[in-house]
Each structure stands twice: as structure tokens, then as C-alpha cells.
Amino acid sequence: MRAAVICRKVVKVFGDGEPVYALRGVDLQVPFGELALLVGPSGCGKTTLLCILAGLLYPTAGEVEVLGYRLHEMSGSDLVRLRAKSIGFVFQQYNLLPALTAQENAAVPLLIQGVPRREALRRAGELLTELGLAERMHAYPHQLSGGQQQRVAIARALVHNPRFLVCDEPTAALDAESGRRTMELIRQIAVRPDRAVIVVTHDARIFDFGQRIIYMNDGIIVREEMPAGAATPASGGSV
């Protein structure tokens, strides 16, 4: 099975004086078609690893390969282009632009790529409709509930059809029922054979949504496990 993400001995050190080791030699592979959960205590390196995999940070040492690209060897401008084209983000706090409607927020990645506005809005509207927001796509963020804002954030992350989706604590601000609905949406809409999905979470209530749970502590991966009843990585045609 092809790997979407490969890490080899990845180290990340912060600080110019006394070094702070966020990552201490991470080895990891995530295949296409998998929804992997990255879990562990606060400060263990989860978000740092996610940022490196998404091309937002360079590793101090080691190799990082995502979608066949060797991120540790790429220039900053090349990483920006890769993120715009092939990586989607779902943030904990949604990060929606308050002056834009739900449809306009969801269309932002396409507009950044230069897709004509009419086409970008059409594609964003189709995805929002699929996510159950057909009647709310012209509403502004302050007019939406937390769960609705999260759906807009998911639409924005997927509208440009990325092959790698990263989610940073997508259920942290939600109650149990809303959190499970959000993960169900991610599993139904985002998981497909030509895409890998990594979700960083502290939320044990959603562990059963992962096909694999990757545990981190003190900057390293300490173990991996398959949840009971977890599905195998997706195969076959696109969803």
C-alpha cells in the first residue's frame, strides 16, 4: 500500500540558547486511504509534528516525505504552493473570516489558486450542500452555530480536493454529540483511497473513528494500535 506520509528520524529543536527538543526522532508512515489519530499529552510534540507534515515548519534533522515530495529539501515558496494545491487544514478554532459568508469562506483556497470567483463559489456551494448547509451558505460566521462553523471549516479544507488533510483538535470546542457528528462527517466526506487524513486530538470520545491510533509522548511515537472494529484503509474509487 502506497504511503502518503513518511517520516524518518525526524527531530525538531526550538531555541537558540538552551535547546528544547519537541521531536526526538520520529518514524512514521501513513498510507493513502487511512484516517489516523495522533494522540498524547499536551506538549508531547503532536502539533509540532503536524506542522512539519503540513509544510509549516522545517525539521531540524531527519527526512519528511509527503505525497512524494521531500519537504525538508523544498524552498519556502515551493512549500506554499504545495499547501495551496494539495494539503487541507481543519483548525480547532475554525479561523473563518468574519466579513465573508460561509460560501465565500469555503471558496478561499480556490480563490487563492486563481480559480474564477463564480466557479469557486459554485464548487464551495456544492460541498456545503453535501455537508448539510445549503440553507446557511449565505450566513456570516457570527450567524452560525459552532457545529455549523466547523462544517464550513471542513468544506474550506476539502474544496480544493487535497490529497492530504490535517485536522488539529477538530472536536475540542464541541460537545460529545457535535464532536461525533464532526468526525462522522470527516470520515464520510474526507476519507477516500487517494487521500490520507491525520487528526490530532485529546478527545478519547472519538478514538473509535480512527483506523489507527498513534500515541506520542516526550517527542517520540511510543506505540500504535488499531481500535476495536476499525475499518481498513479505504480502497476502490473516490467517494
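Computed from the coordinates by the stated procedures, all read-outs in this text should not be read as laboratory data. Quick caveat, the model's predicted, so the values are computed rather than measured. Here the Cβ is made from the backbone with ideal geometry for all residues, glycine too, and neighbour counts use every protein chain on show.
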What fraction of the Cα pairs in segment 119-192, stated in percent, has a spacing above 15 angstrom?
52 percent
Tell me, what ³J(HN,Hα) does each residue in segment 108-118 have, in order and in whole Hz, if you take phi through Karplus 6.51 cos²θ - 1.76 cosθ + 1.60 with θ = phi - 60° and put x for Gly and Pro?
3, x, 6, 4, 4, 6, x, 5, x, 4, 4
What ranking do Val159, Val13 get, fewest neighbouring Cβ atoms within 10 angstrom at the top?
Val13, Val159
What residue among Ala99, Ala54, Ala155 has the largest mean-square fluctuation in a Gaussian network model of the chain, using Cα springs under 10 Å?
Ala99
Rg/Rg_ref, segment 50-105, where Rg_ref = 2.2 N^0.38 Å and atoms are Cα
1.35
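Dipole size in debye (nearest 20) for segment 3-225 around its Cα centre, Lys and Arg Cβ +1, Asp and Glu Cβ -1?
It comes to approximately 540 debye.
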For segment 179-190, just list the computed ³J(HN,Hα) in residue order, Karplus coefficients 6.51, -1.76 and 1.60, θ = phi - 60°, integers in Hz, with x standing in for Gly and Pro.
x, 5, 5, 4, 5, 5, 5, 4, 5, 6, 8, 9
Distant-in-sequence amide H partners of Gly25 (H built 1.01 Å from N, under 5 Å)
Val10, Val11, Lys12
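Helix-only estimate, please: 222 nm mean residue ellipticity of the chain, summing -39500 (n - 2.57) across DSSP H runs of length 4 or more and dividing by its residues, to the nearest 500.
Working: 6 runs with 67 residues, N = 239.
One gets -8500 deg cm²/dmol as the mean residue ellipticity at 222 nm.
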Test of understanding: in a Gaussian network model of the chain with alpha carbons linked when under 10 Å, which of Ser42, Ser145, Ser178 would top the mean-square fluctuation ranking?
Ser145
Computed Rg/Rh of segment 3-225, alpha carbon atoms with Kirkwood Rh
0.97
Using only the alpha-carbon atoms, what does segment 65-150 span along each of its principal axes? Please give whole angstrom values in decreasing order.
44, 29, 23
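May I ask you to compute the full-extension gain from Thr60 to His138, defined as 0.36 nm times their residue separation minus their alpha-carbon distance, rounded to one decimal in nm?
Values: separation 78, 0.36 × 78 = 28.08 nm, distance 4.39 nm.
Contour length minus the Cα-Cα distance gives 23.7 nm.
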Highest-MSF residue in the chain out of Thr48, Thr201, Thr171 [GNM, Cα springs under 10 Å]
Thr48
Please express the shape of segment 103-239 as an equivalent ellipsoid: the semi-axes are the square roots of 5 times the eigenvalues of the C-alpha gyration tensor, given largest first in whole angstrom.
28, 17, 14
Sticking with the crude label model, points 7 Å out along Cα→Cβ, report the distance from Ile112 to Ala173 in nm, one decimal please.
1.8 nm
